[in-house]
1. Only residues that are of a type in the set (Asp, Glu) and surrounded by fewer than 12 Cβ atoms within 10 Å (Cβ to Cβ): list them for region 277-323, please.
2. Among what's in region 192-215 and is of a type outside the set (Ser, Thr, Tyr) and open to solvent by less than 40 Å² (accessible area, probe 1.4 Å), pick the residue that is nearest to Met172 (Cα to Cα).
3. Restricting the first residue to region 222-249 and requiring it to be at pLDDT below 85, which pairs with a second residue that is open to solvent by 80 Å² or more (accessible area, probe 1.4 Å) meet a Cβ separation below 7 Å and a spacing of at least six or different chains?
4. Tell me which residues, restricted to region 294-308, are assigned to a loop (DSSP other than H, G, I, E, B) and among the β-branched types (Val, Ile, Thr).
5. Residue under question is Arg218, and the condition is that it be of a type in the set (D, E, K, R), closer than 17 Å to Ala310 by Cβ and loosely packed, with under 14 Cβ neighbours inside 10 Å; does it hold?
6. Just one of Arg85, Arg32, Arg36, Arg26 is under 30 Å from Glu5 (Cα atoms), surrounded by 11 or more Cβ atoms within 10 Å (Cβ to Cβ), out of contact with any helix residue (DSSP H, G or I) (no Cβ under 8 Å at 6 or more places or on another chain) and not hydrophobic (A, V, I, L, M, F, W, C); which is it?
7. Among the residues of region 257-315, which ones are modelled with pLDDT under 90 and either under 30 Å from Thr139 (Cβ atoms) or β-branched (Val, Ile, Thr) (or both)?
8. Residues of region 257-276 being polar (S, T, N, Q), open to solvent by less than 80 Å² (accessible area, probe 1.4 Å) and assigned to a loop (DSSP other than H, G, I, E, B), which ones?
Amino acid sequence: MLILEQFEIIRRMVLIDGLSVREVARRLGHSRKTIRKALQHATPIPYRLEVAKPRPKLDPFVETIRTWLTDDQQRPRKQRHTAVRIWERLRDEHQYDGARRAVSDLVKQLRRELAPPEVFVPIDHPPGNEFQIDWGEVTIELNTVTTKVMIFCARSAYSKATFVRAYLHDDMLSFLDGHVWLFNQLGAVPRKLAYDNLSSAVTKVSKRGQRELTSKFRELRSHYLFESRFCNIARGNEKGHVENSVKRAERTYLTPVPRVTSIEQLNEHLASCCTEDLDRICQQTKQRYGDLLQAERSTFLPITSGTYIAARSHMQKVDRQSTITCDSARY
């Protein structure tokens, strides 16, 4: 097959230099049919298989394989046929003696037909419309001990401004405290916050997508009056802004692994990194993240009910030793 450079040479020799098709074919060692093809098309035409190649051994089983793959769509993901398993079943149940590679190629083709690739439409977020929330797990050296900590990440979908804070656990109290800290940093409340279906906020997701929320999350939401949006199950791309922030925190703010003496010291480092990021330039608007954040502040909700107390309250009975038990610890 001729490459683009050869097409250009042929076309130049005939159309510019005035040589005949016969002469160009003689000089370059190509057939006259090839020379005429180059004159008809400025670039090489990729080879296209107009008629599918016959598969005499496999063709009788195409509909069987299609049925298996269709049934798989109603099965648990971990119990669906792989291409290798389909080949094994054909071999054992239908005496198929063809190549495994042929089965793999057919399975790939049928899967594309049965489940076309998803198409995603980017969302244009207006100022102050949404902050996205997520957790990430990272490793640090805390007092020379390798320790896993959780990072609470929040990012504006409009300005890309990012806020990151570390906690020892991603429990309910840390979840609530992260929100209080975020709102205090902003001096206001974003109108909407987006989440995964994390257990600190959601207790149950019905088949229709309706969610039962934890009482503490409802309490937090009622206090600050923000709206909430929850992603579909296993659809992290629906809050891609904060997903990117988690990755940036892991690979930039926390690489190399920080060596700190306290979580407070780590949070000072994270705050400094987030402040530096406000000088980054948004590729779409060509403006600083910090300037975009300042512009959207006017759209935030005011904090009218004071600071929410991120705590749990328990009624406890004092024992004879004047102590109480809480979370398996005695006080």
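The values are calculated or read from the model by the stated rules, or taken from the named source; none is laboratory data. What you see is a predicted model, and the numbers here were worked out from it, not measured in a lab. For neighbour counting, all protein chains shown are included, and Cβ atoms are generated from backbone atoms with ideal geometry for every residue, glycine included. For accessibility, only protein heavy atoms count, side chains too; no ligands or nucleic acids. Shrake-Rupley method; radii C 1.70, N 1.55, O 1.52, S 1.80 Å.
1. Answer for region 277-323, where residues must be of a type in the set (Asp, Glu) and surrounded by fewer than 12 Cβ atoms within 10 Å (Cβ to Cβ): Asp279, Asp319.
2. Of region 192-215, the ones of a type outside the set (Ser, Thr, Tyr) are 192-194, 196-198, 201-202, 204-205, 207-213.
Now restrict to residues that are open to solvent by less than 40 Å² (accessible area, probe 1.4 Å): 193-194, 198, 201-202, 209, 213.
Details: Leu193: 17, Ala194: 17, Leu198: 10, Ala201: 8, Val202: 11, Gly209: 23, Leu213: 13 Å.
Out of the qualifying residues, it is Ala201.
3. That search, which allows pairs on different chains as well, returns Asn237/Phe120; Glu238/Asn232.
4. If we filter region 294-308 for residues that are assigned to a loop (DSSP other than H, G, I, E, B), which is where we start, we get 300, 302-308.
Ile303, Thr304, Thr307 - these are the residues of region 294-308 that are assigned to a loop (DSSP other than H, G, I, E, B) and among the β-branched types (Val, Ile, Thr).
5. On the way: of a type in the set (D, E, K, R): yes; closer than 17 Å to Ala310 by Cβ: yes; loosely packed, with under 14 Cβ neighbours inside 10 Å: yes.
So Arg218 passes the test.
6. Answer to the check: Arg26.
7. Thr285, Thr304, Thr307, Ile309, Ala310, Ala311, Arg312
8. Step one: of region 257-276, the residues polar (S, T, N, Q) are 261-262, 265, 267, 272, 275.
Keeping just the survivors that are open to solvent by less than 80 Å² (accessible area, probe 1.4 Å) gives 262, 265, 267, 272.
The answer is Ser262, and nothing else.
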